[in-house]
1. Could you list, in sequence order, all residues of the stretch 122-147 that are modelled with pLDDT under 80, surrounded by 16 or more Cβ atoms within 10 Å (Cβ to Cβ) and in a helix (DSSP H, G or I)?
2. Restricting to the stretch 2-34, what's the tally of residues that are more than 13 Å from the chain's Cα centre (by Cα), at pLDDT 95 or above and among the β-branched types (Val, Ile, Thr)?
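The values are calculated or read from the model by the stated rules, or taken from the named source; none is laboratory data. Bear in mind the structure is a predicted one, so any value in this text is a computation, not a measurement. Positions of Cβ are backbone-derived with ideal geometry, glycine not excepted, and every protein chain shown enters the neighbour counts.
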Amino acid sequence: MVAPGAAVIVDVETTDLDGAVIEVAVIDASSGDVLLDTLVDPGPVRIAPEAAAVHGISAVDLLYAPPWCDVAWRMCAAVSGRVILAYNADFDHGRIAAACHRANVVCDMTDRARWQCVMAARSVAAGTRLRLAGGHRALSDAHATRSVLLGLAEGRAAA
């Protein structure tokens, strides 16, 4: 499937579809080991009610969360030297790149060429665009993406 240490799966939750990152998870694609799982303080940005209805994260949950500038360096270390996989890579990469830009964080995880989209691979295999089922928190979404990846490796497109 994926060689140990070769790739990570990333998922973020945000204040809205174009908003700030409020949660990030990074897991090893091969083992499923959690490399990073943290809430993120978005600063003065409010969580849209529509987004909160999806992921269930509230402003109260973020009271003691670290700011993106602190989380970004931990994430850079977690993804260093690995392919970055995400279910919706355009979305996750876009939010992470925007967060790094706002915080003046320079890290190669913002290089789109390092990212691969699991949803695109799954959709090609299934012949249709499929949504990720299940809850919508970063860690559970990252593990669900890993399940899809394992299914693809075993020839099950709709895993």
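1. 122, 125
2. Of the residues in the stretch 2-34, 1 are more than 13 Å from the chain's Cα centre (by Cα), at pLDDT 95 or above and among the β-branched types (Val, Ile, Thr).
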